[in-house]
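Peer 1: Mind looking over this structure? Questions follow.
The values are calculated or read from the model by the stated rules, or taken from the named source; none is laboratory data. Model, not experiment: these values are computed from the prediction. Note that we place each Cβ from the backbone using ideal geometry, even for glycine, and neighbour counts take in every protein chain shown.
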Amino acid sequence: MAYNDQQARNILTPAQGWGSDADPRSRPGVPRDKRPELGPETLYPNIQPQLSTYKVHISTEHGKLPPVFGTSAPPSGLSGMMRDFAYKFSEGRFAHWLTLLAADRVNVLEGIISDLRSGHIPNIPKEMGIGAELKYNKKAFLLKVAGIAATLIAAQRIYSHFKEPRERLT
Amino acid sequence: MGEIKKGDTVVVFGAGPVGIFAAKSAQLMGAGRVMIVDGYDYRLEFAQKFTGAEPVNFRELDDPVMFFKKTTDHLGPDVCIEAVGAEADGSFLQRLTGVKMKLQAGAATALYWAIDSVRKGGVISIVGVFGPTSNMVPIGNVVNKGLTIRANQASVRRNVPKLFEHIEAGHVSPKDVLTHRIPLEEISDAYHLFSSKLDNIIKPVLIPPSVRH
């Protein structure tokens with residue numbers, strides 16, 4: 001769907017409210033350094049800094065935590081140790097981000113192990129939205145499964161093909 | 001962020017909820033021509049109806065950059081808004097290195113197109129979400145074309161009063177983009193529906209059990 005120039009000129013219905021913010025002075029973000037309107041929150045005293053009950057990583061670039069903070073995954077286990085290591089580097093270093101990416105993957109495995117330990121068998125297909133996939137994208141899903149199966153079978157055949165001669169040699 | 005002036009030509013990359021509202025905002029700011037780009041016709045049809053912007057399906061074009069050059073007398077649009085982010089389709093190499101192999105912070109295809117499409121001295125506004133490492137973009141073209149790049153997340157508190165004015169005046173109807181209402185317990189399915197763009201979804205809302213009848 002791409003309009004040619006003639007079709008573009010033929011759009012006859014102007015958009016509702018067209019040009020109502022044409023004057024930059026009517027735009028909330030102009031000038032960019034304008035302070036936002038103060039609301040009722042100014043009636044309350046300043047927020048007392050939150051106290052941490054768990055370990056919170058602070059970027060080496062930041063001097064302190066913001067007044068309010070939180071995390072759904074406090075650092076723990078191997079992934080926590082990896083995050084400890086990552087936070088030794090500034091955000092300008094790949095060592096920081098790549099270690100955090102790796103720690104995130106490790107944390108996924110730790111979550112599965114933790115689930116199994118507590119007797120909960122994680123339903124990963126459900127968590128990945130298999131219900132919606134089967135309801136609205138069945139054909140593509142079946143094609144994907146067939147593709148993966150074909151790749152695995154081909155890989156197994158290739159592996160067997162190259163393995164057999166070596167076995168005959170021994 | 002795009003400093004849109006009356007009569008400007010604006011191209012919005014991405015016809016998700018953010019891109020749709022960016023296109024609508026461009027209209028409210030008096031853009032002379034607004035185009036919105038996506039790879040899904042259902043989204044483009046919705047965006048055209050909701051914003052009045054011209055729909056452009058990049059899958060139907062050999063080279064989107066050439067399309068925007070040709071349709072603007074070979075100058076390029078005044079403003080390009082990147083509202084796609086890391087999951088962009090449209091380039092095998094960007095998908096492979098950014099989405100599959102994680103060698104860069106997502107596929108920067110739309111940002112690449114935006115930089116190459118916009119006119120010399122034009123403005124790129126980035127609202128799409130990227131990862132924290134780095135991306136392959138033609139930064140040399142940014143210098144050679146004298147572009148301005150602005151990027152930010154929504155300053156919600158600052159913009160909400162103005163948004164209410166537009167709703168009251170009948171310029172915008174945000175509820176129209178809410179195509180799916182899904183129980184909170186089915187959040188995995190809701191996420192998959194949205195991320196895979198199934199069932200003509202534009203934006204889902206999750207309904208907690210406490211407010212269901």
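Peer 1: Any residue in region B:154-168 that is farther than 30 Å from B:MET29 by Cα and part of a helix (DSSP H, G or I)?
Peer 2: No; the residues of region B:154-168 include none that is farther than 30 Å from B:MET29 by Cα and part of a helix (DSSP H, G or I).
Peer 1: While we're on this one: Taking region A:81-100 as the search range and keeping residues that are over 18 Å from A:LEU65 (Cβ atoms) and more than 9 Å from every other protein chain (Cβ to nearest Cβ), which one is surrounded by the fewest Cβ atoms within 10 Å (Cβ to Cβ)?
Peer 2: A:GLY92
Peer 1: Go through (1) under 20 Å from B:VAL18 (Cα atoms); (2) in a loop (DSSP other than H, G, I, E, B) one by one and return the number of the condition B:LEU111 breaks.
Peer 2: Answer for B:LEU111: the failing condition is (2).
Peer 1: Follow-up question, since we're still on this one. Any residue that is within 14 Å of chain B (Cβ to nearest Cβ) and closer than 21 Å to B:SER195 by Cβ - is there at least one of those in region A:109-122?
Peer 2: Looking for residues that are within 14 Å of chain B (Cβ to nearest Cβ) and closer than 21 Å to B:SER195 by Cβ, one finds at least one in region A:109-122, hence yes.
Peer 1: Output the residues belonging to region B:72-107 that are within 25 Å of B:ASP8 (Cα to Cα) and not in a strand (DSSP E or B).
Peer 2: B:THR72, B:ASP73, B:HIS74, B:LEU75, B:GLY76, B:PRO77, B:ASP78, B:ALA83, B:VAL84, B:GLY85
Peer 1: Mind checking which pairs have a first residue in region A:6-33 that is at the interface with chain B (Cβ under 7 Å from one of its Cβ atoms) and under 13 Å from B:ILE4 (Cβ atoms) and a second that is surrounded by fewer than 16 Cβ atoms within 10 Å (Cβ to Cβ) and at pLDDT below 85, Cβ under 8 Å, 6 or more apart or different chains?
Peer 2: Going by the 8 Å Cβ cut-off, the qualifying pairs are A:GLY29/B:SER155; A:GLY29/B:ARG158.
Peer 1: Shifting gears a bit: Quick check on region B:1-16: of everything there that is more than 10 Å from chain A (Cβ to nearest Cβ) and of a type in the set (A, V, I, L, M), which residue is farthest from B:ASP89 (Cα to Cα)?
Peer 2: It comes out as B:VAL10.
Peer 1: Assuming A:PRO67 fulfils every condition listed in (1) at pLDDT 85 or above; (2) under 32 Å from the mean Cα position of the chain (by Cα); (3) part of a loop (DSSP other than H, G, I, E, B) apart from one, which condition is it?
Peer 2: Checking A:PRO67 against (1) at pLDDT 85 or above; (2) under 32 Å from the mean Cα position of the chain (by Cα); (3) part of a loop (DSSP other than H, G, I, E, B), the one that fails is (1).
Peer 1: So is A:PHE69 loosely packed, with under 12 Cβ neighbours inside 10 Å, out of contact with any helix residue (DSSP H, G or I) (no Cβ under 7 Å at 6 or more places or on another chain) and within 21 Å of B:THR133 (Cβ to Cβ) or not?
Peer 2: Taking the combined requirement at face value, the residue does not satisfy it.
Peer 1: Now a separate question. Condition (residue is more than 24 Å from A:ARG105 (Cβ to Cβ), surrounded by 23 or more Cβ atoms within 10 Å (Cβ to Cβ) and not charged (D, E, K, R)) applied to region B:84-101: is it met by at least one residue?
Peer 2: Checking region B:84-101: at least one residue is more than 24 Å from A:ARG105 (Cβ to Cβ), surrounded by 23 or more Cβ atoms within 10 Å (Cβ to Cβ) and not charged (D, E, K, R).
Per-residue answers, yes or no, for (1) among the small types (Gly, Ala, Ser); (2) more than 19 Å from the chain's Cα centre (by Cα); (3) more than 30 Å from B:LEU103 (Cβ to Cβ); (4) within 14 Å of chain A (Cβ to nearest Cβ):
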position	(1), (2), (3), (4)
B:GLY140	yes, yes, no, no
B:ASN152	no, no, no, yes
B:VAL160	no, yes, yes, yes
B:LEU178	no, no, yes, no
B:LEU184	no, yes, yes, no
B:PRO209	no, yes, yes, no
B:ARG212	no, yes, yes, no
